[in-house]
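J.: First, the structure itself, so that you have it in front of you.
Nothing in this text is a laboratory measurement; each read-out follows from the coordinates by a stated rule. Note that the coordinates shown come from a computational prediction; the quantities given were computed from them, not determined experimentally. Because the Cβ atoms are built from the backbone with ideal geometry, glycine has one as well, and the counts that use them run over all protein chains shown.
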Amino acid sequence: MRKNFEKAMVTPLPVLMIGTYDEEGNANVMNIAWGGQCGPKHIAINIGLPEVEKKTLTNIKSKKEFTLSYATKDTMAISDYFGLFSGNVVDKIAEAEVTVEKAENVDAPIIAEYPLTAECKVIEMVENDLGEMHVIGEIVNVSADESILDDDGNVSVDKLQPIAFDSIGNTYRIVGDVVGTAFEDGIKVKK
């Protein structure tokens, strides 16, 4: 027997940090769980529009560029903090005492504490009937700290230790063990 729920449950969700600069060059970062990769070089994020527009959205509209970093086990507390408060009210960068570096390919900040960051240029912004802004960005560069690279120079998910948001239990979970090989294990099912 199955039980029905009215609440949407897509889990796990990536915990993503959106980095932007405002018109004065001040860095801001926002935690967002409603997003992910939507093509080989594209990322999609969904930003809800409150009565007072989020600083991140104002910055994205102005600059048309942003960075997207992946929250990790080591950055869980600051990542949660970045989702709790508005950049219109508090200087989250100063409060969290994180290190800001300018991205090489876009006019947006890289938060050094996040070891994996995508640099993105906005290619489309669409507001829906619910008052949410859908942003599609083209990934123009990905930079990774050497601490998360494997022996072949590739990003190691085991070393990165990305976290996911569990919207059912309102918890953060670490991405776990390898349970199979993509594009290979399914072949065994074919008769």
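J.: What are the residues in the stretch 140-191 that are farther than 23 Å from Phe66 by Cα, small (Gly, Ala, Ser) and touching a strand residue (DSSP E or B) at 6+ places or on another chain (Cβ under 8 Å), if any?
T.: Across the stretch 140-191, the qualifying residues are Ser156, Ser167.
J.: Moving on to the next point. For the stretch 79-106, give me each residue that is among the aliphatic types (A, V, I, L, M) and more than 15 Å from Phe165 (Cβ to Cβ).
T.: Passing the criteria: Val89, Val90, Ile93, Ala94, Ala96, Val98, Val100, Ala103, Val106.
J.: Going by the conditions given, is Lys102 surrounded by 18 or more Cβ atoms within 10 Å (Cβ to Cβ), of a type in the set (Lys, Arg), closer than 20 Å to Thr58 by Cβ and within 18 Å of the chain's Cα centre (by Cα)?
T.: Taking the combined requirement at face value, the residue does not satisfy it.
J.: Okay, moving on. For the stretch 27-48, what are the residues that are closer than 14 Å to Glu65 by Cα and out of contact with any helix residue (DSSP H, G or I) (no Cβ under 6 Å at 6 or more places or on another chain)?
T.: His42, Ile43, Ala44, Ile45
J.: May I pose another question? Which members of the stretch 116-158 meet the condition of being in contact with a Lys or Arg (Cβ under 9 Å, 6 or more places away or on another chain), aliphatic (A, V, I, L, M) and under 15 Å from Gly35 (Cα atoms)?
T.: Of everything in the stretch 116-158, those that are in contact with a Lys or Arg (Cβ under 9 Å, 6 or more places away or on another chain), aliphatic (A, V, I, L, M) and under 15 Å from Gly35 (Cα atoms) turn out to be Val122, Met125, Met133, Ile139.
J.: Among the residues of the stretch 1-42, what is the count of those that are hydrophobic (A, V, I, L, M, F, W, C), closer than 20 Å to Glu113 by Cβ and assigned to a strand (DSSP E or B)?
T.: Here the count works out to 7.
J.: Further, regarding this structure: So Asn141 fits all but one of (1) assigned to a strand (DSSP E or B); (2) without any contact (Cβ under 8 Å) to a residue 40 or more places away in the chain; (3) closer than 18 Å to Ile78 by Cβ; (4) not basic (Lys, Arg); what number is the exception?
T.: Of the numbered conditions (1) assigned to a strand (DSSP E or B); (2) without any contact (Cβ under 8 Å) to a residue 40 or more places away in the chain; (3) closer than 18 Å to Ile78 by Cβ; (4) not basic (Lys, Arg), the odd one out for Asn141 is (3).
J.: May I ask you to list the residues in the stretch 43-83 that are loosely packed, with under 13 Cβ neighbours inside 10 Å and either in contact (Cβ under 8 Å) with a residue 12 or more places away in the chain or not in a helix (DSSP H, G or I) (or both)?
T.: Gly48, Pro50, Glu51, Val52 - these are the residues of the stretch 43-83 that are loosely packed, with under 13 Cβ neighbours inside 10 Å and either in contact (Cβ under 8 Å) with a residue 12 or more places away in the chain or not in a helix (DSSP H, G or I) (or both).
J.: Continuing with this model, one more query. Somewhere in the stretch 182-190, is a residue within 30 Å of Ala94 (Cα to Cα) and assigned to a helix (DSSP H, G or I)? Write out each step before concluding.
T.: First, pick out the residues of the stretch 182-190 that are within 30 Å of Ala94 (Cα to Cα): none.
No, the stretch 182-190 has no match at all.
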